[in-house]
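Following: one structure in structure tokens, then a few remarks.
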Amino acid sequence: MDDRQKTTARTCLDAAQRNTMSFPQIVGALGEAGFESYAVDYRRA
């Protein structure tokens, strides 16, 4: 994972926790950064 991907991942995580980006926006941002998949752990929610 390069620095741009790390920044994008952190930004998307923060946005998800603060509810400031929609799910499609997050998926789009991750895709544009080169992510092919991701995992979510709902146990802490």
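Tell me the mean residue ellipticity at 222 nm calculated for the chain from its helices only (DSSP H runs of n ≥ 4, each -39500 (n - 2.57), averaged over every residue, nearest 500).
Working: 2 runs with 26 residues, N = 45.
That comes out to -18500 deg cm²/dmol.
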Quick one: order R4, R18 by neighbouring beta-carbon count within 10 Å, fewest to most.
R18, R4
Kindly express, to the nearest 10 degrees and within the range 0 to 90, the angle between helix 3-18's C-alpha long axis and the longest C-alpha principal axis of the chain.
20 degrees
With +1 on each Lys and Arg Cβ and -1 on each Asp and Glu Cβ, and nothing else charged, work out how big the dipole of the chain is about its Cα centre, in Debye to the nearest 20.
240 debye
For Kirkwood radius over Cα pairs in Å, the listed values are (1) 14.4; (2) 10.9; (3) 11.9; which was obtained by calculation from the structure presented?
(2)
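Laboratory data are not the source of any read-out in this text; all were calculated from the coordinates shown. Keep in mind that this is a model prediction, so the values were computed, not measured. Every residue, glycine as well, gets a Cβ built from its backbone with ideal geometry; the counts of neighbours run over all protein chains shown.
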